[in-house]
Structures are given as C-alpha cells and as structure tokens.
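Colleague: My structure is below; once you've seen it, I'll send some questions.
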Amino acid sequence: MDIRPTRTIAVANEKGGVGKTALVINLGAALALKEKSVLIIDMDPQFNATRGLGIDIGEGALTVYDIIMDEKTHIVDDAILKTAWKGLHLIPSHVDLVGADVELVGVEGRENRLKEALERVTIRYDFILIDTPPSLSLLTVNVLACAEEILIPCQTHPYSFDALDELFDTIEGIKAEINPGLSITGIVPTFFDKRTKVSHQVMEKLRKNDRYQNLLLDTTIRINTTIAESTAAGKPVIYYRSACHGSSDFVELAEEMINPG
C-alpha cells in the first residue's frame, strides 16, 4: 500500500484582516484543481471559511467543536463534509467554538485534542489546511500542536509587518514547549497593490529583514476585489472568475506549494 505523505499546514497570523481565510479557501481549491486531495479545517469561531465554501451548517451537524470536545475520536469521520468541488473537503466551524477555550482549560492534554482527533483521517489527504483564529488562544495552540508547517499571510501594510515579530516569538515558544517539529514554510505577501508606495516599501522590508527574507515565497497575492466577491458568494475565486488575477495568483501559490524552490 502506498502511504500518502500528508502535509498539515496551519495558516496563521495573530493579526486579523491579512487575508488568512481567503488564503485557506483559495489555496485549498487551487490544490484540489491540481488533483490533490485537500481537507480544510475551520478553527475560527467566526466560521468564515465554512461560509466561504458555501456550506450552511444545519441543526445537529457535527463541527470542529464536537471533534475537539468529544473523546470519541471516530466522530471526525462524520464531521467531514464534501464541498461542491472535487477533492476539496471541509470540517466546518460553529460559533460554539467560542466557548472551547474555557471548556478545555481543565482537560488533560487539552493542547493536543485536535491532533488526536485527526490521527485517523490524516492519511486520506495530500494537504490539510487549517484556518486559525486571529489571536493567540487555546484553539490556536491546538492548531500549532497539530500542524507540521505554518504558512503566514502578511498584508503589505506596516501594521501587518510590525506584527510578524510577535508571531515568530509565539511560534518559537510552541516549538520549544509543545511541537518541536513545527516549521515555517513561508510568508505570503497579501493585498499587494503595485500602485501604492506603501506596498512596495513593505515588500522591500520583507526582502531585507534577516528573520524573514529566506522565508518569503515567490508568489504574491495581489489586491483584487473579486476575491472578496467570491468569498461572499461562497465560492473559491478560481471557480467564481477563473480569468481574474486573483485566480492566477492562487494557482501560482499552489504550484509553489507542490514544487517548492
């Protein structure tokens, strides 16, 4: 039997508004378009990735909240949903996830609940992409304990650049205390606008910074209103409008993830 080498990737940034969820949705769709089997896990209580994939959670449906709170790890099978696109699956989120931080506080091994729940399904996929909350919480710690890699979207704006140091310090702490095998796959510049001086300035800072320069990916996600429109429509941009440069950027990113360097 051929064992599939699954890549489990957290898409993380403690700062909100950097295009994290759009990256998860559209990278996942682009990888699936290239015949990769992809599981997206929505670990954000705002469940934007769930809505962005056109999934409406009905009453009684299992979500990521159930799989991290229930000791019966087999329920993860029933939580995985097919999306409208071949090869792209989802474990949805729910607003109930807001309470998980408090509910898990007294639970032994609380930081590994997601990792333990996923053990039985990981082998089915080429890529598992995990959307994280825009803050450091027990949910984020669960994601970083589970993941092997981190992909960091960085909006080409000074505030987003300035927040990277704190994120890198958090990752170093997770590696030291919980998950020594965790590595940063790369930084993806997002919302790049070639017309603005500030976008070019931030790109230059990323290229020259000793801590970031070797992690900067070749692909840049350019600013594109079609990406936001597609998310609101519940479709990945490559299926919403394949001819726009938002689509081509994510296809390029998928190619870079499949064939790095």
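Colleague: At R0 = 35 Å, how high is the FRET efficiency between N209 and V98 if r is their beta carbon distance? Nearest 0.05 is fine. Mind dumping the intermediate values first?
Modeller: Numbers: r = 35 Å, r/R0 = 1.00.
That gives a FRET efficiency of 0.50.
Colleague: Shifting gears a bit: Considering only Cα-Cα distances, which of the following residue pairs are longer than 30 Å: K20/K86; K34/K194; K82/K205; K36/K197; K15/K235? Could the numbers behind the result be given before it?
Modeller: Details: K20/K86 23 Å; K34/K194 28 Å; K82/K205 41 Å; K36/K197 37 Å; K15/K235 24 Å.
Exceeds cut-off: K82/K205; K36/K197.
Colleague: Report the charge-dipole magnitude of the chain in Debye, nearest 20, computed about the Cα centre from +1 at each Lys and Arg Cβ and -1 at each Asp and Glu Cβ.
Modeller: Dipole of the chain, to the nearest 20 debye: 1060 debye.
Colleague: What's the angle, to the nearest 10 degrees (0 to 90), between helix 20-33's Cα axis and the longest principal axis of the chain?
Modeller: Helix 20-33 and the main axis of the chain meet at about 80 degrees.
Colleague: Averaged over all directions, how much area does the convex hull of the C-alpha atoms of the range 7-255 cover when projected, in nm²? Write out the running numbers ahead of the final one.
Modeller: Details: hull surface 50.4 nm².
Directional mean of the projected Cα hull area for the range 7-255 stands at 12.6 nm².
Colleague: Please compute the modelled spin-label separation between D78 and A243, points set 7 Å along Cα→Cβ, answer in nm with one decimal.
Modeller: For the pair A243/D78, the computed spacing is 4.7 nm.
Colleague: Modelled label-to-label distance, T170 and I258, 7 Å Cα→beta-carbon offset: nm?
Modeller: Taking the simple label geometry, T170 and I258 are separated by 3.1 nm.
Colleague: How large is ³J(HN,Hα) for each residue in the range 75-87, as worked out from phi by the Karplus curve 6.51 cos²θ - 1.76 cosθ + 1.60 (θ = phi - 60°), to whole Hz, x for Gly and Pro?
Modeller: After applying 6.51 cos²θ - 1.76 cosθ + 1.60, I find 5, 4, 4, 7, 7, 6, 10, 7, 8, 6, 10, 4, x Hz.
Colleague: In the range 32-189, if the dipole is taken from +1 on Lys/Arg beta carbons and -1 on Asp/Glu beta carbons about the Cα centre, which of V105, I80, T132 is farthest to the positive end?
Modeller: Farthest towards the positive pole: I80.
Colleague: Something else now. Could you work out the mean projected area of the convex hull around the alpha carbons of the range 204-260, in square nanometres to one decimal? Could the numbers behind the result be given before it?
Modeller: On the way: hull surface 18.8 nm².
Directional mean of the projected Cα hull area for the range 204-260 stands at 4.7 nm².
We did not get these values from a lab; they are worked out from the coordinates using the rules stated. Just so it is clear, the structure is predicted and the values come from calculations on it, not from any experiment. Ideal geometry is used to build each Cβ from the backbone, glycine not excepted, and the neighbour counts take in all protein chains shown.
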